[in-house]
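S.K.: Pasting in a structure now, in structure tokens, and then I'll have a few things to ask.
The values are calculated or read from the model by the stated rules, or taken from the named source; none is laboratory data. Values in this document were obtained by computation on a predicted structure and should not be read as measured data. FYI the Cβ positions are ideal-geometry reconstructions off the backbone, even for glycines, and counts take in every protein chain you see. For the accessible areas, the whole protein counts, side chains as well, though only heavy atoms, and no ligand, DNA or RNA atoms are used. Shrake-Rupley method; radii C 1.70, N 1.55, O 1.52, S 1.80 Å.
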Amino acid sequence: MPVNLTPNAISAVIGGDLNLKPLVQVVDIKLIGSSQDRYRLLISDSISTQQAMLATQLNDRMKTGSVRKGSVIQLIDYICSTVQNRKIIVVLNLETIIPDCEIIGNPRPLMESDSAPKPLLSGDSMGPPRNVISSSVPMNSGSKMQNARSTVVQQSYQPRPTVQPPYQPPAPNYRNHGAIVKNEAPARIIPIAALNPYQGRWAIKARVTAKGDLRRYNNARGDGKVFSFDLLDSDGGEIRVTCFNAVVDRFYDSIDVGKVYMISKGSLKPAQKNFNHLKNEWEIFLEATSSVEVCPDEDSSIPKQQFSFSRIIEIENTENNSVLDIIGVVTSVNPSVPILRKNGMETQRRVLNLKDQSGRSVELTLWGEFCNKEGRELQDMVDSGFFPVLAVKAGKVNDFSGKSVGTISASQLFINPEFPEAYSLRQWFDSGGKDTVSQSISRDIMPGGKRNEIRKTVSQIKEEGLGRADKPDWVSVKAYVSFIKTDTFCYTACPLMIGDRQCSKKVIKSGDTRWQCERCNQEFEECDYRYLIQAQVQDHTGLTWVTAFQETGEEILGCSAKQLYSLKNDEQDDGRFEEIIRQSLFNQYLLKLKIKEEMYGDEQKVKITVVKAEKVDPSSESRYLLDLISNVSQQRL
């Protein structure tokens, strides 16, 4: 079946026709780019060929084979850009008409002269060309007439074109608009998903969904300041915008979360994925010539926010430092505590727990201002007996001793939001979900191990050679703490923050009143105290030594290391100190243990670390034993 490509489509598109929607053929495909796959096409209209770049959102067309060499396609949405003084067509959307076809015609590369406008010459029957001198010119002009005739003939002669002249768009009408500089016509509004560095002029209309704090930095180039904000358009496209130094002064105060802006004249650069969690390979950097104009009229087609919620059970298999959205019911809120950051500034930290229908719960750590505003509001609700639904936009996953989620500067919290997911959670929780048992994935699950609890006895740890493989073993043991060393139960630790975590490295005295951290290379007046407990645990099969750090030490002893250190060394209240130690002994705990063989000098020893210590709950333990009996009975049948 003969296929008719759109005649002179290449020259028309290069000439500026963005509404043609031509039929063209793919005659070659080349994969370029290292960090991000991009496809360069050579397209043909059967007469001319032209380089084209495929927008990354269309990469799946190449990977699935719906577009390949020989395919006849229709360009639905496209722009023409100049890159290094060369024209290139950027394809934003297309339709595959014929997946596979022989190369049509004998196309050749389009030369710049081919895309320039040419006069349409008349045939012989149309009379003489307009520029040729007619017979009415006097004949007595002598040599002057001969020279003039020669000149005019040379100017008027043009070879007859073999194809239809290229499309030449009408010039824009700027009448009554005053003087206008070349290329200063308003840029065309395009979707965020269509943005790419190959565009010369663009504009986007989008809503600000998040605004970062103003940050100051110092590097080899000197001092500077930076802030970023996130945009969302009506097509669901998201992108981050970043401003530096003088541009910060120009735009920081004018950017408000929730407002819609028209933005143009920025530069696009690859997104820095270490700091940018949005699903866009590009990031906009505003410059001195950039334009940011607020849209006075509300645009209901642009959503207020966009979420991609992950269930809590899915966080178990999520990589560390990933940024995601979660939603759950707040079941507990801890008090806010002050934390000293590495830069010497004090901030706040507050930990709360979320649960959802997946049967899992997770710790959410609030940092900074989140502790005071939303954190206090959540605590008041929970204290009054009401358990609110909380949606978290852009929370960061941490895999230290289990999985948890923490807020970052780009995070947003929504209390009892009007989302379908929130309504579903509320209905589930109120109709019985409140009383369902949820397994915590924060310090309660053994990372790298099986999700189901593995119970062992103390004697089995040695008999089965646990901890001697390449990876550590994670098991649970029901045992009593029978002895705690009290001569060295804690160490002096660095209180500074590195990112969203405390440094906690051991510090040394620097003079009489100051402490120094070699890791942070800073000094401070007060240090922190953290547990490093050596204890014996035993069950009905034997006993073994274990090590417990800060969180598990507090669970066993019931107070902080700083309080216990002060009681023993500052107040020298030996009676009270011994009472606390005595009350912590011979209580039955469900101990989550990490067992790993490590080198001590020239000798290898198995080290057992207590990841979490829970006092045995009779009800939960009874259910566990009943299930165990039931499983054994079924196996015998």
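S.K.: Do we have any residue at all in region 569-591 that's at negative phi, hydrophobic (A, V, I, L, M, F, W, C) and part of a strand (DSSP E or B)?
M.R.: yes
S.K.: Quick check: anything in region 605-623 farther than 20 Å from residue 458 by Cβ, of a type in the set (D, E, K, R) and either without any contact (Cβ under 8 Å) to a residue 24 or more places away in the chain or not in a helix (DSSP H, G or I) (or both)?
M.R.: Yes: region 605-623 contains one or more residues that are farther than 20 Å from residue 458 by Cβ, of a type in the set (D, E, K, R) and either without any contact (Cβ under 8 Å) to a residue 24 or more places away in the chain or not in a helix (DSSP H, G or I) (or both).
S.K.: Any chance region 56-64 includes a residue that's assigned by the TED database to the domain that holds residue 105, modelled with pLDDT under 85, crowded, with 17+ Cβ neighbours inside 10 Å and assigned to a loop (DSSP other than H, G, I, E, B)?
M.R.: Within region 56-64, not a single residue is assigned by the TED database to the domain that holds residue 105, modelled with pLDDT under 85, crowded, with 17+ Cβ neighbours inside 10 Å and assigned to a loop (DSSP other than H, G, I, E, B).
S.K.: Among 332, 358, which is the only one that is small (Gly, Ala, Ser), under 30 Å from residue 526 (Cβ atoms) and surrounded by 15 or more Cβ atoms within 10 Å (Cβ to Cβ)?
M.R.: From the options 332, 358, the qualifying one is 332.
S.K.: Here's something else I'd like to know. In the same structural domain as residue 582 (by the TED database), more than 33 Å from the chain's Cα centre (by Cα) and of a type in the set (Asp, Glu): does that describe residue 555?
M.R.: yes
S.K.: Inspect all residues belonging to region 579-589 and state whether any of them is under 38 Å from the mean Cα position of the chain (by Cα), surrounded by 13 or more Cβ atoms within 10 Å (Cβ to Cβ) and under 26 Å from residue 486 (Cβ atoms).
M.R.: no
S.K.: Does residue 213 count as under 30 Å from residue 355 (Cα atoms), at pLDDT below 90 and outside the structural domain of residue 414 (by the TED database)?
M.R.: Yes; evaluated as a whole, the condition is true for this residue.
S.K.: Give the residue that is most open to solvent (accessible area, probe 1.4 Å), with candidates limited to residues of region 196-239 that are polar (S, T, N, Q) and not in a strand (DSSP E or B).
M.R.: Of everything passing the filter in region 196-239, 234 is most open to solvent (accessible area, probe 1.4 Å).
S.K.: Name the single residue that is nearest to residue 410 (Cα to Cα) among those in region 253-305 being more than 21 Å from the chain's Cα centre (by Cα) and of a type in the set (Lys, Arg).
M.R.: Step by step, filter region 253-305, then rank; the result is 259.
S.K.: Here is a further query. May I ask you to list pairs of residues, at least six apart or on different chains, whose Cβ atoms are under 9 Å apart, with the first in region 413-440 being closer than 21 Å to residue 350 by Cβ and the second being among the hydroxyl-bearing types (Ser, Thr, Tyr) and open to solvent by less than 30 Å² (accessible area, probe 1.4 Å)?
M.R.: What qualifies is 413/407; 438/358; 438/361; 440/361.
S.K.: Which one of these is modelled with pLDDT of 90 or more and in contact with a Gly (Cβ under 8 Å, 6 or more places away or on another chain): 330, 362?
M.R.: Being modelled with pLDDT of 90 or more and in contact with a Gly (Cβ under 8 Å, 6 or more places away or on another chain) holds for just one of 330, 362, which is 362.
S.K.: Restricting attention to region 590-606, does a residue exist that is farther than 26 Å from residue 466 by Cα and open to solvent by less than 70 Å² (accessible area, probe 1.4 Å)?
M.R.: no
S.K.: Let me ask you something else. Taking residue 278 as the residue in question, decide whether it is open to solvent by less than 20 Å² (accessible area, probe 1.4 Å) and in contact with a Gly (Cβ under 7 Å, 6 or more places away or on another chain).
M.R.: When the stated conditions are applied, residue 278 does not pass them.
S.K.: (1) under 30 Å from residue 261 (Cα atoms); (2) open to solvent by 70 Å² or more (accessible area, probe 1.4 Å): which one isn't true of residue 321, the others all being true?
M.R.: Only one criterion in (1) under 30 Å from residue 261 (Cα atoms); (2) open to solvent by 70 Å² or more (accessible area, probe 1.4 Å) is unmet by residue 321, namely (1).
S.K.: Output the residue which, of all residues in region 386-409 that are outside any strand (DSSP E or B) and modelled with pLDDT of 90 or more, is farthest from the chain's Cα centre (by Cα).
M.R.: The residue in question is 386.
S.K.: Continuing with this model, one more query. For region 360-412, which positions are acidic (Asp, Glu) and free of Cβ contacts under 8 Å to residues at least 60 places away in the same chain?
M.R.: Result: 369, 374, 377, 380, 383.
S.K.: Hey, residue 370 hits all of (1) open to solvent by 40 Å² or more (accessible area, probe 1.4 Å); (2) of a type in the set (A, V, I, L, M, F, W, C); (3) part of a helix (DSSP H, G or I) but one; which does it fall short on?
M.R.: (1)
S.K.: For residue 273, are the conditions met, namely being part of a loop (DSSP other than H, G, I, E, B), open to solvent by 60 Å² or more (accessible area, probe 1.4 Å) and not small (Gly, Ala, Ser)?
M.R.: Spelling it out, residue 273 is indeed part of a loop (DSSP other than H, G, I, E, B), open to solvent by 60 Å² or more (accessible area, probe 1.4 Å) and not small (Gly, Ala, Ser).
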